Amino acid sequence: MYNYNMNVYPVKCEDGTIQWGARFLEVDGVVGAGDTPEEAMKSAYENLEVHLEFLKEDGNLIPECNVDKKYSGKIALRVSKSLHERIAECAAADGISINSYISNAIQQKVYTSIGRAEVIKNVTEKIDNTIDDLLATAEESFEISRNNLNISRDNLEMTKKIFVTSWRLPTRANNELEKRGVKENGQKIKGIF
């Protein structure tokens, strides 16, 4: 199991309700959501498992955990009294601590400015690869269909020749036997085929 750092944060919906989101700091694009922080974390871990499976299948590197690095997770920050007051009001309205509110604001800024370009690049590459795979599959299917159509045409022509040949032979044989007056059991044979 990977021990990635996770940030859990509230999301204020248009209708005024609070939903919760969770994201891994070392793994771009893997998030979870829920009605509670626990649901968001559970969803994020489920999505992480799927994401890591895809990375392995595609032969991509698995992101490293940053827990071994010497980051304490603490930052000393000085702000004006009025900004501090506004932050406290916003945090209270969201039902979270000032530290969580500031952490979420920084995270949103960092991930939307830096992570967006990487996410767009990764998604674009995956879409391009999927389109290439679909086109290759379509071309193979078309070629198989064309070959099957050619085989069907050949079989139809062969069946036609066999039918015509098998229909003509008995007719010719009957005519020839009638001309010669061949008899069976003393009776003249007519139309034995």
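Filtering segment 2-36 to residues that are out of contact with any Phe, Trp or Tyr (no Cβ under 9 Å at 6 or more places or on another chain) and either assigned to a strand (DSSP E or B) or among the aliphatic types (A, V, I, L, M) (or both) leaves K12, I18, Q19.
Among the residues of segment 33-65, those that are open to solvent by 100 Å² or more (accessible area, probe 1.4 Å) and either over 18 Å from the mean Cα position of the chain (by Cα) or on the phi > 0 side of the Ramachandran plot (or both) comprise E38, K42, L61, E64. Being open to solvent by 100 Å² or more (accessible area, probe 1.4 Å) and modelled with pLDDT of 75 or more is a property that F193 lacks.
Taking segment 75-190 as the region of interest, the helices (runs of 4 or more DSSP H) fully inside it that hold 2 or more residues being modelled with pLDDT under 75 and among the hydrophobic types (A, V, I, L, M, F, W, C) are 116-180. Selection over segment 1-32 of residues that are surrounded by 15 or more Cβ atoms within 10 Å (Cβ to Cβ) and hydrophobic (A, V, I, L, M, F, W, C) gives a count of 9.
The values are calculated or read from the model by the stated rules, or taken from the named source; none is laboratory data. Just so it is clear, the model here is predicted, and its values are computed rather than measured. Using ideal geometry, Cβ is built from the backbone for each residue, glycine included, and neighbour counts are taken over all protein chains shown. Keep in mind that these areas ignore ligands, DNA and RNA; they rest on the heavy atoms of the full protein, side chains included. Shrake-Rupley method; radii C 1.70, N 1.55, O 1.52, S 1.80 Å.
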